[in-house]
Amino acid sequence: MQVERHADAESFLADAGDFVLAREAEHNLILGLTSRLRVDPRTYGEDPYFAVAREGGEVVAATMRTPPHNLILSEVDDGAALEPLAADANDVFESLTGVVGPKAPVAKLAQIWEARCGQAAHLMLCQRSYRAEEALEPEGVAGTMRPYEERDRELVLAWMDAFVEEALPEAPPEDSARWLERRAADPNSGTMIWEDGEPVSMGGYGGLTPNGIRVGPIYTPPELRRRGYASALTAAMTRMLLEGGRRFCFLFTDLANPTSNSIYQRIGYRPITDIDQWSFR
C-alpha cells in the first residue's frame, strides 16, 4: 500500500479525481471543499492536507483536512489503507479534533488513531447523506423565499448560534460570523430566508461539486416549527438550484432526528449513505 501526500486541491484531484467522482454523491463533502480550495486554498483555515492511498496502482481511499477542522475519510475500497493513512496524517498532525467518513471504515480509522496517538475516540454524530434530483414543494405553507440581505445579519447570526447549540454535539472551530462571511465570499454559496410577514426560517447552500451542490444548514426557531417552513424553504431552495443548472442537491441529516429524515424524503431527497463523526480527546 502506497500513500502519497498532496499539497493542494489541484494535485489531489489530479490523483484521486476519478476515484471520488465515480461516487459523487458519497463524496460530495470532499468535492465541495476541494472546489473552493482550488480557488482559495486557505478559505477554511490553514493550509489544507490531502493524502491518497493506492494498491497496485489503483486508488483505494483518500483523506483530507482543512485545519483546524476534522479529518475527512473517503469511501474505502481496501481496509488495508487505513493504517498507512493514519500514519501519514500523524506525520503531519500530532493530534486531531476528530474524523468524519463512511460508517464502518471511519470507526476503524478512529480506533487506529486512538491506539496510535492516545487520543480517546468518541462517536459524536451519526448522519445520513441524501440526494435529490427533483423538488416536491409542499402545498399550503404560508410565506415565500428570498435571498439574505444585510438587514438580516444579526438575526441570522443568532439563528446560526442556536442551530450549532441544538444540532451539533461540539461547537465548530469557526464562529457564526466567520461562517456567514465565508458564505458571502463564495459565489457558489448563499443564504436564503423564508418570510411569512417576517423572517421565520433560514437555509444555506454551498459546496459545489461537478454536478451538484450541498444544501444546509436549515434552521427554524422552536416557536415557529410544525408549520412547514423548513420543508418549504428546503424544497424551494432545491428547486432554485436544480433549475439553475445543478443535476443534484445533497444534504446531511442527524439520524437521531427522525422528523428531519422524514420531511426531506417527502420533498424529494433519497438516502445515499451513512456518515459518522468521531471526536478525539
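Among the numbered conditions (1) exposed (fewer than 15 other Cβ atoms within 10 Å of the Cβ); (2) farther than 17 Å from residue 64 by Cα; (3) touching a Phe, Trp or Tyr at 6+ places or on another chain (Cβ under 8 Å); (4) not assigned by TED's automatic domain parsing to the domain that holds residue 195, the only one that residue 111 does not meet is (3). Residue count for the stretch 244-272, restricted to those that are in a loop (DSSP other than H, G, I, E, B) and within 26 Å of residue 198 (Cα to Cα): 1. Checking the stretch 225-243 against the condition returns no match, with no residue being in contact with a strand residue (DSSP E or B) (Cβ under 9 Å, 6 or more places away or on another chain), in a strand (DSSP E or B) and buried (at least 19 other Cβ atoms within 10 Å of the Cβ).
Every residue, every condition in (1) touching a helix residue (DSSP H, G or I) at 6+ places or on another chain (Cβ under 8 Å); (2) surrounded by fewer than 19 Cβ atoms within 10 Å (Cβ to Cβ); (3) hydroxyl-bearing (Ser, Thr, Tyr); (4) assigned by TED's automatic domain parsing to the domain that holds residue 250, yes or no:
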| site | (1), (2), (3), (4) |
| --- | --- |
| 90 | yes, yes, no, no |
| 96 | yes, no, no, no |
| 99 | yes, no, no, no |
| 142 | no, yes, no, yes |
| 146 | no, yes, no, yes |
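Of all residues in the stretch 29-86, those being under 17 Å from residue 252 (Cβ atoms) and over 17 Å from the mean Cα position of the chain (by Cα) number 0. Here residue 197 meets the list (1) part of a helix (DSSP H, G or I); (2) more than 26 Å from residue 40 (Cβ to Cβ) almost entirely, failing just condition (1).
Being outside any loop (DSSP other than H, G, I, E, B) and among the small types (Gly, Ala, Ser) is the filter here, so list the residues in the stretch 1-21 that pass it. Selection gives 9, 11, 14, 16, 17.
The values are calculated or read from the model by the stated rules, or taken from the named source; none is laboratory data. As the structure is a computational prediction, the values presented were derived from the model and not from experiment. All Cβ positions, even for glycine, are placed from backbone atoms using ideal geometry, and neighbour counts span all protein chains on display.
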